[in-house]
Amino acid sequence: MSGEWLRRWRRGGPAERPRGAPAAGPGPPPPALRYRRPKFLPGGEEEAPRGGRAVRGAGPERPLPWGAGYAEVINAEKSEFNEDQAACCQISVRRREPGLEEDEEWLILCSTQFLTGHYWALFDGHGGPDAAIIASNYLHYCIKQKLEEIVGGITEAQPPMHLSGHCICDSDPQFVEEKHIHAADLVVGALENAFQECDEVIGQEMEATNQTGGCTALAALYFQGKLYVANAGDSRAILVLKDNIVPMSSEFTPESERQRIQHLAFLFPKLLDGEFTRFEFPRRLKGDDVGQKVLYRDYFMEGWGYKTVEKADLKYPLVHGHGKQARLLGTLAVSRGLGDHQLKVIDTNIEVKPFLSCIPKVNVFDFALHDIKEDDVLIMATDGLWDVLCNDEVAHVVRSFLAENRTDPQRFSELAKCLVCRARGKKRGHQWMLDDSHEASYDDISVFVIPLHNREED
């Protein structure tokens, strides 16, 4: 990203757009570091009262793409701000000809000269809300930019070897076919590149403004008849269909990515600065374990083995803890996300960023292969929901609610509020409890409910 672009970004420009507002153009988003709630929320400049943890939702005055629903609630005094952010908009993608200026007023072009997609995203900040705010203002623009760079390839029946259309080798089409490269693969690559560029922008902006922190990112893009869900972090998306549940993302935690993290430490041991051991043990080793054979795992192991404990093994483990308590370098609970460029392990010079990947895992759902029903929806939520509700519980709430509220034009918005309320629970004394008397979520909770049956009507 050029320095000129960053200067233009700080001067302001168009950002995200609910349905009915202008489409996202090529200009940069507005200044990002001013805290506010998502723009499509009524009274977005203000935070909801913290004491009662009031649930806020998108209203009918600013309908979201496809008539989607959104709701959120702030944490139970874990941090000063609601560190979640959300964004949604329509993305118009045009073929960018060589030499065409980025600022050209292209919206006057004939509709056949650009493709339209729809975008929803959730960002869960940590160490402050700033990285999530920047990402919510910028990632959609970056996705649009990356799609425009490859639009010549995705509009062909088979992506050409050379984007210019030139055929240097007569067998080029054969090589592309043998690699099974399709238009969807180019969209996946565009999303991966967009996340990486967004991460670079966050790093530059946070350094320039002396801010710290990072965020997870979960983005859904509907484009050319397919739904792409890109995830970097521990938020989650599932499709709740009439007859089944389709997971559309995987959580990335120090535990789930143990082998990748350990392998990086094996290749570049200086990253640990002699303070950590890359090996995993069932518990933190003690001095009395030296000389004993104990269970362990290294980067190349799915299973477990026994290792004779050496003094060096007593160092703090690179990945330590279990479940929600697992930490990377004793610091982060996620292994993928955006930002955290300045984050170091406390009281050391060890940087966390080399182990924290910004590249998302992208899953694709092809609508042409499925018979979508009226109540089929995509549920996107930050980990505040999933910490206390599993996929089956969420699907049960979704199906029951939609079946009981078929005539309500705002039923998807009300369903989002229902899910947030279910995870937030009710306050009993000083605690927040679920209906089954288990502890409720104390985290920020953000939920999109996106009806799939409405996609062609928008």
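The values are calculated or read from the model by the stated rules, or taken from the named source; none is laboratory data. None of these values were measured; they are calculated from a predicted model. Using ideal geometry, Cβ is built from the backbone for each residue, glycine included, and neighbour counts are taken over all protein chains shown. Heavy atoms of the whole protein, side chains included, go into the accessibility calculation; ligands, DNA and RNA do not. Shrake-Rupley method; radii C 1.70, N 1.55, O 1.52, S 1.80 Å.
Number of residues in the stretch 436-456 that are touching a residue at least 12 places away in the same chain (Cβ under 8 Å) and either more than 20 Å from the chain's Cα centre (by Cα) or under 25 Å from residue 333 (Cβ atoms) (or both): the value is 14. Taking (1) open to solvent by less than 50 Å² (accessible area, probe 1.4 Å); (2) of a type outside the set (Phe, Trp, Tyr); (3) modelled with pLDDT under 95; (4) out of contact with any Leu (no Cβ under 9 Å at 6 or more places or on another chain) in turn, residue 391 satisfies each apart from (3). When the stretch 313-333 is filtered for residues that are surrounded by fewer than 21 Cβ atoms within 10 Å (Cβ to Cβ), in a loop (DSSP other than H, G, I, E, B) and within 24 Å of the chain's Cα centre (by Cα), the ones remaining, listed by number, are 321, 322, 326, 330, 331, 333. For residue 336, state whether it is closer than 30 Å to residue 442 by Cβ, open to solvent by 10 Å² or more (accessible area, probe 1.4 Å) and at pLDDT 95 or above. So residue 336 fits the description; yes. Restricting attention to the stretch 170-188, the residues that are surrounded by 11 or more Cβ atoms within 10 Å (Cβ to Cβ) and not in a loop (DSSP other than H, G, I, E, B) total 12. Within the stretch 56-80, residues that are among the basic types (Lys, Arg) reach partners that are open to solvent by less than 30 Å² (accessible area, probe 1.4 Å) with beta carbons closer than 6 Å, at six or more positions or on different chains, in the pairs 56/41; 56/48; 56/72; 62/18; 62/40.
Restricting the first member to the stretch 368-394 and to residues that are free of Cβ contacts under 8 Å to residues at least 60 places away in the same chain, and the second to residues that are part of a helix (DSSP H, G or I) and open to solvent by 20 Å² or more (accessible area, probe 1.4 Å), the beta-carbon pairs closer than 7 Å and six or more apart or on different chains are 389/422. Evaluate the stretch 267-274: report whether one residue or more is within 29 Å of residue 185 (Cα to Cα) and of a type in the set (Asp, Glu). No, the conditions are met nowhere in the stretch 267-274. If the condition is being open to solvent by 20 Å² or more (accessible area, probe 1.4 Å), of a type in the set (Gly, Ala, Ser) and modelled with pLDDT under 80, then the stretch 24-64 contributes 43, 51, 52. Within the stretch 194-225, if we keep just the residues that are surrounded by fewer than 18 Cβ atoms within 10 Å (Cβ to Cβ) and of a type in the set (D, E, K, R), the residue that is nearest to residue 65 (Cα to Cα) turns out to be 200. Being touching a helix residue (DSSP H, G or I) at 6+ places or on another chain (Cβ under 9 Å), open to solvent by 10 Å² or more (accessible area, probe 1.4 Å) and at pLDDT 90 or above is the requirement here; does residue 145 meet it? Against the criterion (touching a helix residue (DSSP H, G or I) at 6+ places or on another chain (Cβ under 9 Å), open to solvent by 10 Å² or more (accessible area, probe 1.4 Å) and at pLDDT 90 or above), residue 145 qualifies. Quick check on the stretch 339-367: of everything there that is among the aliphatic types (A, V, I, L, M) and free of Cβ contacts under 8 Å to residues at least 40 places away in the same chain, which residue is surrounded by the most Cβ atoms within 10 Å (Cβ to Cβ)? In this case the residue turns out to be 352.
Taken together, 257, 280 contain a single residue that is in contact with a Lys or Arg (Cβ under 6 Å, 6 or more places away or on another chain) and acidic (Asp, Glu), which is 280. Restricting attention to the stretch 65-96, the residues being open to solvent by less than 10 Å² (accessible area, probe 1.4 Å), over 19 Å from the mean Cα position of the chain (by Cα) and aliphatic (A, V, I, L, M) number 1. Go through the residues of the stretch 426-437 one by one and say whether even a single one is of a type in the set (Ser, Thr, Tyr) and open to solvent by 60 Å² or more (accessible area, probe 1.4 Å). Yes.
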